[in-house]
There are 2 protein chains.
Amino acid sequence: MAERAGKAGAIASGATGPGAIAPGAAGPGDGRIRAVIDSLSPTVDGGRFPAKRIAGESVRIEAHCFADGHDKLRVTMRWGARGKSESPTHETDMAAQGNDVWTAEFTPPAPGRYRCEFSAWVDHFESWRKELERREELADIRVALQVGAALARETAARAEGSDAANLADWASLLSDRAKDESAASSDAAALKALALDPARASLVARYPDTRFAALSSLEISVDRKRAGFSSWYELFPRSAAPDPTRHGDFKDVEARLPYVAEMGFDVLYFPPIQPIGRVNRKGVNNALEAKPGDVGSPWAIGSAEGGHKQILPALGSLEDFKRLNARARSLGMEIALDIAFQCAPDHPYVSEHPDWFKHRPDDSVQYAENPPKKYQDIYPFDFETDDWRALWEELKSVIEFWIGQDVRIFRVDNPHTKAFPFWEWVIGEIRSATPDAIFLAEAFTRPKVMHRLAKLGFTQSYTYFTWRNTKRELTEYFAELARGPGTQYFRPNVWPNTPDILQETLQSGLRAVFAARLILAATLSANYGIYGPTFELMESAPREAGSEEYLNSEKYQLRHWSLDRPDSLRSLIARMNRVRRENAALQSDRSLTFCPVDNEYLIAYRKSDAATGNIVLTVVNLDPHHVQSGWVELDLAPLGFEPGRPFQVHDLLSDQRYQWRDGRNFVMLDPARLPAHVFLLRRHLRSEHDFDYFV
Amino acid sequence: MAERAGKAGAIASGATGPGAIAPGAAGPGDGRIRAVIDSLSPTVDGGRFPAKRIAGESVRIEAHCFADGHDKLRVTMRWGARGKSESPTHETDMAAQGNDVWTAEFTPPAPGRYRCEFSAWVDHFESWRKELERREELADIRVALQVGAALARETAARAEGSDAANLADWASLLSDRAKDESAASSDAAALKALALDPARASLVARYPDTRFAALSSLEISVDRKRAGFSSWYELFPRSAAPDPTRHGDFKDVEARLPYVAEMGFDVLYFPPIQPIGRVNRKGVNNALEAKPGDVGSPWAIGSAEGGHKQILPALGSLEDFKRLNARARSLGMEIALDIAFQCAPDHPYVSEHPDWFKHRPDDSVQYAENPPKKYQDIYPFDFETDDWRALWEELKSVIEFWIGQDVRIFRVDNPHTKAFPFWEWVIGEIRSATPDAIFLAEAFTRPKVMHRLAKLGFTQSYTYFTWRNTKRELTEYFAELARGPGTQYFRPNVWPNTPDILQETLQSGLRAVFAARLILAATLSANYGIYGPTFELMESAPREAGSEEYLNSEKYQLRHWSLDRPDSLRSLIARMNRVRRENAALQSDRSLTFCPVDNEYLIAYRKSDAATGNIVLTVVNLDPHHVQSGWVELDLAPLGFEPGRPFQVHDLLSDQRYQWRDGRNFVMLDPARLPAHVFLLRRHLRSEHDFDYFV
């Protein structure tokens, strides 16, 4: 937050007189600013970054405000979207909650950056009223009336129109009655009632004396609903052809849309769709040299056919893409594109802007490498180039180009290998013009780097979920995500697999493992995704033992998928996504609470939604080989359940219903059938016939 | 902290091009600043206030630093006292601790405000070395040598004298060998060894390229040792006369000094010693009207005899005070004075500066009141006066005056009823000229107000200890003080009694209560104090039932004390203070750890000092009526004790010794004898004869 008033500008600059305190602050009255705004929330790093919220959801603001002595304080919050007008447009009084904590709530109506400005000042009129209420002696009350008259006159001078006249009249009345020592004016109670008139107080409150107000502010970054609740499906368009011998295109993807929509996904994400470099192209299974006909990696962007603003001709035209995009929207899905800021050697940028790349002593362009590994098909940008301003502008224009094609969601490839200031700038710029843009950071790297990217503006972040498998790993990691410092800015998007990560457990190929990983992802996190059709078809072969790469990965070749295989997980996925859509508890992450189970293979947790009362309890058997059972301990009193009173748990996957009580309840999960319960908790049983007892 | 690099100045100001990122930042190279300093500690409120430390004690600084990609980072910290020269004078490299955490330590030699400045940048030379180490192919190594030669040449251009020549020579050598394809120059290992020469790397490290360094900073407020460890004794000089009929004076206090010194106190604090107002003077037991001869409250400062810079003539002259002060210092004590910024109606300020006070409608000065209570003998200053600059300067000059009399410790009366910006300014100003000045905030008010005062610069703070009596109250409160957010800035100074607070438990008059409260204060907190001789003489009568005021309080009358009463606690106090002086564990608060005891009347806690290995375990019986016993659970493994191996506990109060083991140990405390053990833990038994078994 920017704490303006009382800030020790003078002290920091080594000035020696109290007059010197003024320059850094609001006005020449600074030394007289007695109110303090000590602490504001939500903020990130003391106000350096904005906290993140969702449009349409109430934002609760808290501040610690107080002044010296016993005077009454008044605190207001002005808020509004940061845009053309610098001043926030709405104003509300903050409410004292005791212990010097003041709160206010507001609901940002739309995505964008919001600014909240706070003022706190000693309210002399209310302080006077508070004291007058407790005065007992007539002489004191007479004096108080004269003080009140003076305050009313000062207020009248600030007031407008008839209010000014009303206040002046009232001031005269108070003054006259204070001086009138006749018996008729000597009723202490009547004098107090006159002075404490609530209607007059309301009028005075409209014209406060804010000359000595302490000021502070914070900003909130507000995203649209999908930023906080989304179900992603990743596919390679070029593998979408029904004919296994043909390169798939956008028309094939269009035909594939109903398949994805039926599974209930709302974000369909493609790896880069741009022209793929031919120079140093990688072959099948990442072979150093491509064979004729090899399609190369989509992340090696750029060739004679164009760069970041063009489409690989084999996929179709820009018109094809736009039609596909519109069709996806009509099915309730958005297409997300990949932003991979790097170039193939034959990308037009390389010849047009050689200074955007590092050069080797022989003047060749430096390819990516991590010795002894070399990535000769990829040229990274040099973010230390003297021409960085032009580079930044060009990269921004790439995002703007795709926004121009009605794309609003971007999965950003390896953002942690590009300069951090660039991301803060470019996301800020883009979202300033397009507040509904969403950026997912694909950074699987060190914790502090991932957090920094989220602070800088990335809307969602990939996580370590992909490698968290045991009960302990999952519990510790998701407890940290739900309640750690990142809560204000780090929105997890969890993936059981990606084209780069066939995690070891999935290499078992066991249906129970895939089902459990899907259900964990979909219930632990409001944002999740899978890389398909590999996932629903349980693709499990690694390139070699010990590798997390897929064998015959789509990253380097076309694949053909038998989507109608009877063992496909598609119907389970569809069911799971429907449960997510129908249960508000699964649409946010903050309420996540783990429940003890006396079996290390069983993990249980609940989420709840305060607005709807929706509560979902998930229990997963992490052992794909054996039936596991145990007692789940619930503590539902915080959610308003009466101890001992039975309630119904309704498994939304199997549709089975049981009667439970707050406390310990028995579960048994057979991985050969389904490794999880996703229970809706129903507080009131509908009828005798509406549930089965669990025996 | 002030995070300069990468700060979104451009975004905040609504600029639209990347060039706009420059103005708010270090230089035109801003967009190329790839390193990040994400988080610094210790800081308070994101750097708004300094953390507090003690001169001569090591300060550990932590920062989270990283850059995009895989390049090596270098991070330096410059530090120094903030004074005439704006630039810190010492520089050290920070050390990478893993997980992007970097640390450095420094020991501020003297009190004052210290500034630490941090730089983090991508170290291209070390990045090149790291990559070269992993290179395997001769061709790659040759290229790397050429890259290294270029880096060495760039470094040579920044270097001075012979270093420049050395680096240029080395650059030529690397370049020549890179190009020499003879068999003699084709030994990959030899080429690598040449390029990785550690001596050359050290030379390069002396001339880093910091053009694109991220910058940040923090400040630390460093106090002298006594700010962190002090034992206070408060007395009313006017009650120090041996003759009960006479007004005591500084000469009487001089005679009293050995008594106080023998008890082991190092701060002797006096209520205000200034002339006391005669107008509206309060009488004995706070009677509204004084009788002839009543001495009035020392906090009603000012009369015809002078104001805040004069001494009440009955106490003596300024020369008397200075001699007393010098004598106290010769006995290892400092005199602390009371700063009470308020006036009696006859204070010279009232007539000389009427605009420093609020006026009532009849133009009389507004006295202090909290309706229906009135304090007609006290005029508060009006910190909203238009003449606030002159008021601030005058109040500062009061403190400066007493500093001129060689006073360095001030107990500030009711700071929470004066404007907060004033305190930040005045303490900053005073400590800038007199870094060893200590200010104790006498604010027994709401938590956030007390914390604010500590953040603003008060060296020590009164606490709620006075009202924390049960095991649960004490445990919760001291755990919060030791590990809560205030750890960086809030230094507790705990008092079992004050002239304003005869807490209810002390009204029992029970010796066991006084002894327990003394030992709790002296062992729970490194800073503590008592108001004597009331405390050691166990004065216990309240003014009336339900009141915390003393009957016949010294605040309003002279008292005479029989210091040699045989039941005095003075020898226990002397013993306790000696234990504090001899055991470093009791001289700081951060190590406080409570130990479970299976008896609600027994409280146990340990403190330890890492530097000396000193460990003290205190066990107190909070029940003054009954013997209590129980099992204390120790967990000493974190302190390096071997489980199961016996060690000695030596009660420093009773001098008894027992043999204990890590784990559960039995204690029994009889309040009729002494309600506490203060155990020194001895890791190694000196000899068979040096301890007794506890049976």
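The values are calculated or read from the model by the stated rules, or taken from the named source; none is laboratory data. All values derive from a computational prediction rather than experimental measurement. A quick note on method: Cβ atoms are made from the backbone with ideal geometry, for glycine too, and the neighbour counts reach across all protein chains shown. SASA here: full protein model, heavy atoms, side chains in, ligands and nucleic acids out. Shrake-Rupley method; radii C 1.70, N 1.55, O 1.52, S 1.80 Å.
Structure notes:
- Meets criteria (farther than 19 Å from A:V122 by Cα, open to solvent by less than 30 Å² (accessible area, probe 1.4 Å), within 12 Å of another protein chain (Cβ to nearest Cβ) and at pLDDT 95 or above) for A:P50: yes
- Selection count where residues are within 11 Å of chain A (Cβ to nearest Cβ), assigned to a loop (DSSP other than H, G, I, E, B) and either over 17 Å from B:Y114 (Cα atoms) or modelled with pLDDT under 95 (or both), scope segment B:435-458: 3
- The number of residues in segment B:472-489 being in a helix (DSSP H, G or I), under 20 Å from B:G457 (Cα atoms) and in contact with a helix residue (DSSP H, G or I) (Cβ under 7 Å, 6 or more places away or on another chain) comes to 1.
- Meets criteria (over 25 Å from the mean Cα position of the chain (by Cα), more than 13 Å from every other protein chain (Cβ to nearest Cβ) and part of a loop (DSSP other than H, G, I, E, B)) for B:D377: yes
- Scan of segment A:490-535 for residues that are open to solvent by 10 Å² or more (accessible area, probe 1.4 Å) and either polar (S, T, N, Q) or part of a loop (DSSP other than H, G, I, E, B) (or both), ordered by number: A:F490, A:R491, A:D500, A:Q503, A:T505, A:Q507, A:S508, A:G509, A:L510
- Which listed residue, of A:E600, A:E582, is touching a helix residue (DSSP H, G or I) at 6+ places or on another chain (Cβ under 6 Å), open to solvent by 30 Å² or more (accessible area, probe 1.4 Å) and acidic (D, E): A:E600
- Consider segment B:99-135 and keep the residues that are more than 30 Å from B:P50 (Cα to Cα) and out of contact with any helix residue (DSSP H, G or I) (no Cβ under 9 Å at 6 or more places or on another chain). The one that is least open to solvent (accessible area, probe 1.4 Å) is B:S127.
- Which numbered condition B:R211 fails, given (1) open to solvent by less than 40 Å² (accessible area, probe 1.4 Å); (2) touching a residue at least 24 places away in the same chain (Cβ under 8 Å): (1)
- Top-ranked residue in segment A:388-422 [being open to solvent by 30 Å² or more (accessible area, probe 1.4 Å) and more than 10 Å from every other protein chain (Cβ to nearest Cβ); ranked as nearest to A:S461 (Cα to Cα)]: A:R408
- In this entry, B:Y269 passes the filter for residues that are on the phi < 0 side of the Ramachandran plot, among the aromatic types (F, W, Y), touching a Lys or Arg at 6+ places or on another chain (Cβ under 6 Å) and open to solvent by less than 30 Å² (accessible area, probe 1.4 Å).
- Pairs with Cβ under 9 Å, 6+ apart, first in segment A:467-481 and free of Cβ contacts under 8 Å to residues at least 24 places away in the same chain, second part of a helix (DSSP H, G or I) and among the small types (G, A, S): A:E480/A:G486
- Looking across segment A:136-159 at every residue that is loosely packed, with under 15 Cβ neighbours inside 10 Å and free of Cβ contacts under 8 Å to residues at least 12 places away in the same chain, the one that is farthest from the other protein chains (Cβ to nearest Cβ) is identified as A:A157.
- Residues of segment A:423-434 satisfying the condition of being more than 7 Å from chain B (Cβ to nearest Cβ) and closer than 13 Å to A:W388 by Cβ: A:V426
- Just one residue in the set B:A227, B:A201 is surrounded by fewer than 18 Cβ atoms within 10 Å (Cβ to Cβ) and modelled with pLDDT of 95 or more; that residue is B:A201.
- Positions within segment A:603-621 being open to solvent by 10 Å² or more (accessible area, probe 1.4 Å) and within 10 Å of A:L669 (Cα to Cα), in sequence order: none
- Within segment A:536-571, considering residues that are buried (at least 19 other Cβ atoms within 10 Å of the Cβ) and not in a loop (DSSP other than H, G, I, E, B), the one nearest to the chain's Cα centre (by Cα): A:R570
- Residue count for segment B:319-339, restricted to those that are open to solvent by 10 Å² or more (accessible area, probe 1.4 Å), farther than 19 Å from B:E262 by Cβ and touching a helix residue (DSSP H, G or I) at 6+ places or on another chain (Cβ under 6 Å): 1.
- Here B:F383, B:F357 are screened, and the one residue that is in contact (Cβ under 8 Å) with a residue 12 or more places away in the chain and either facing another protein chain (nearest Cβ under 9 Å) or in contact with a helix residue (DSSP H, G or I) (Cβ under 6 Å, 6 or more places away or on another chain) (or both) is B:F383.
- Residue match in segment A:171-182 (condition: under 30 Å from A:A63 (Cβ atoms), open to solvent by 70 Å² or more (accessible area, probe 1.4 Å) and outside any helix (DSSP H, G or I)): no
- Listed conditions (1) under 29 Å from B:E319 (Cα atoms); (2) touching a Pro at 6+ places or on another chain (Cβ under 8 Å) are all met by B:V426, apart from (2).
- One residue stands out in segment B:204-224 among those that are of a type in the set (D, E, K, R) and over 30 Å from B:I335 (Cα atoms): the one that is modelled with the lowest pLDDT, namely B:R211.
- Filter pass, A:A164 being more than 13 Å from every other protein chain (Cβ to nearest Cβ), modelled with pLDDT of 95 or more and either closer than 29 Å to A:S217 by Cβ or buried (at least 16 other Cβ atoms within 10 Å of the Cβ) (or both): no
- Of everything in segment A:585-594 that is open to solvent by 10 Å² or more (accessible area, probe 1.4 Å) and outside any helix (DSSP H, G or I), the residue that is nearest to A:E633 (Cα to Cα) is A:F594.
- Within segment B:347-381, being open to solvent by 30 Å² or more (accessible area, probe 1.4 Å) and charged (D, E, K, R) holds for B:E352, B:D355, B:K358, B:R360, B:D362, B:D363, B:E369, B:K373, B:K374.
- Any pair with Cβ under 8 angstrom, 6 or more apart, that starts in segment A:29-42 at a residue that is over 22 Å from B:M450 (Cβ atoms) and open to solvent by 10 Å² or more (accessible area, probe 1.4 Å) and ends at one that is at pLDDT 95 or above and small (G, A, S): A:R32/B:A419
- Scan segment B:499-516 for residues that are free of Cβ contacts under 8 Å to residues at least 60 places away in the same chain and touching a helix residue (DSSP H, G or I) at 6+ places or on another chain (Cβ under 7 Å) and the total you get is 5.
- Answer residue from segment B:111-135, given it is assigned to a strand (DSSP E or B) and aliphatic (A, V, I, L, M) and is nearest to the other protein chains (Cβ to nearest Cβ) among those: B:V122
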